[in-house]
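Here the structure is laid out as structure tokens; the discussion comes afterwards.
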Amino acid sequence: MPKRAAQPPFLRAVSRRSSSMGWRCRRLFTSEKTGQALTERGLGYMIKKYARAANLAHLRPHDLRHRFGYRMAQVVPLHRLAEIMGHDSLDTTMIYIKSTKADLQQAVEKIAWV
């Protein structure tokens, strides 16, 4: 979730769309027991629980945010991604889209054989 207090335009759009479609719950993550929004701590607990079950014990919730930013950067313009992620600065968004070694190798191979 975005760090700043104001809800980014993307999430406002999700809220508007969900209410216009008649969805009763406008929260992205809800508790199955209470139906209330999960707290940040509750969501972290769930991620940790399922990460352990998948043998990914070192996975943190913020890792998922980074992966989301990285994957979205491949298909969404950077200024839009900054909006979606709730960043005020493109410099912050750039942190999330650093290339992996495999990406760099793939880019080099494209250049070498074109």
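Summary table below
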| quantity | calculated |
| --- | --- |
| THR30 long-range amide H proximity, modeled H, under 5 Å | LEU38 |
| Under 19 Å from the Cα of LYS33 - aspartates and glutamates, other chains or at least 8 residues apart | none |
| Rounded FRET efficiency, nearest 0.05, which uses the C-beta distance separating GLN105 from ARG52 and R0 of 25 Å | 0.20 |
| Cα gyration tensor category, rounded, prolate or oblate, for region 30-80 with a/c compared to 1.5 | oblate |
| Magnitude of the charge dipole, region 31-114, Cβ model with Lys/Arg +1 and Asp/Glu -1, debye to 20 | 400 |
| Cross-link partners of LYS110 among lysines (Cα-Cα below 23 Å; sequence separation of 8 or more within a chain) | LYS98, LYS101 |
| Difference of contour (0.36 nm per residue) and Cα-Cα distance, THR92 to LYS33 | 17.6 nm |
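No lab work stands behind these numbers, since they all come straight from the coordinates. Quick caveat, the model's predicted, so the values are computed rather than measured. In this analysis, Cβ positions are derived from the backbone assuming ideal geometry, glycine residues included, and neighbour counts consider all displayed protein chains.
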